[in-house]
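Notes follow once the structure below has been shown.
The values are calculated or read from the model by the stated rules, or taken from the named source; none is laboratory data. These numbers were taken from a predicted model, which means no experiment stands behind them. Cβ coordinates were reconstructed from backbone atoms using ideal geometry, including for glycine residues, and neighbour counts include every protein chain displayed. The accessibility values were calculated without ligands, DNA or RNA, using every heavy atom of the protein model including side chains. Shrake-Rupley method; radii C 1.70, N 1.55, O 1.52, S 1.80 Å.
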Amino acid sequence: MANDEASSLWSATIKGMTGSCPRCGRGKLFKGLLDVAPACNKCGLDFKFIDTGDGPAVFVTLIAGLAVLGLALWAELRYEPPIWVHLVIFLPMTLIVCIGLLRPTKGLLIAMQYRNEAEEGRLEN
Ligand SMILES: [Zn+2]
């Protein structure tokens, strides 16, 4: 049982991070860099249920901020480079890390939303 659960979680993680359909894993989830397609082009799953909100941006900001700021601080303490070196290295690094992480993070959150059947909370009548 626990092995099936881990396998299912791993499978959902791979589908999400590769931008594949959370149900079949063969269709494309995105139609652009971050725009979600209206439906899966293989199994027809309607992607209207998807609502990641600001989740991907929050995670990417926290991860990239920690990584890039940590490297910048380490470089400053270790080598004391001039400010232009920081600008030349760490500004592009910030952009690359953020843009590189956004799509897999969004795909991962969508896959987890699908796997866990997460939806907006409602009050019972
Ligand atoms: Zn599909």
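Per-residue SASA remark: residue 31, around 140 Å² accessible (1.4 Å probe; ligands, DNA and RNA not included). Protein heavy-atom accessible surface, 1.4 Å probe, per residue over the stretch 3-115: 64 Å².
Where a Cα-Cα gap under 17 Å defines reach, which lysines qualify for residue 42, not counting those fewer than 8 residues away within the same chain? Of all the lysines, those that pass the test against residue 42 - Cα under 17 Å, at least 8 places apart if same chain - are 15, 28, 31.
Around residue 32, with a cut-off of 13 angstrom between Cβ atoms, what is the net charge of the other residues, counting Lys and Arg +1 and Asp and Glu -1? Here the charged neighbours net out to +3. Isolated cysteines in the chain, defined as those with no second cysteine Cβ under 4.7 Å, comprise 98. Of the whole protein surface, residue 71 contributes about 80 Å² of accessible area at a 1.4 Å probe radius. Note on residue 93: accessible area approximately 60 square angstrom, rounded to 10, probe 1.4 Å, nucleic acids and ligands left out. Residues considered: 81, 104, 38. Largest GNM mean-square fluctuation over the chain, using C-alpha springs under 10 Å, is found at 81. Per-residue ellipticity at 222 nm from helix content only, as computed over the chain with -39500 (n - 2.57) for each DSSP H run of at least four residues, stands at -21000 deg cm²/dmol.
Within the listed set 45, 66, 29, the Gaussian network model of the chain (springs between alpha-carbon atoms below 10 Å) gives the highest mean-square fluctuation for 66.
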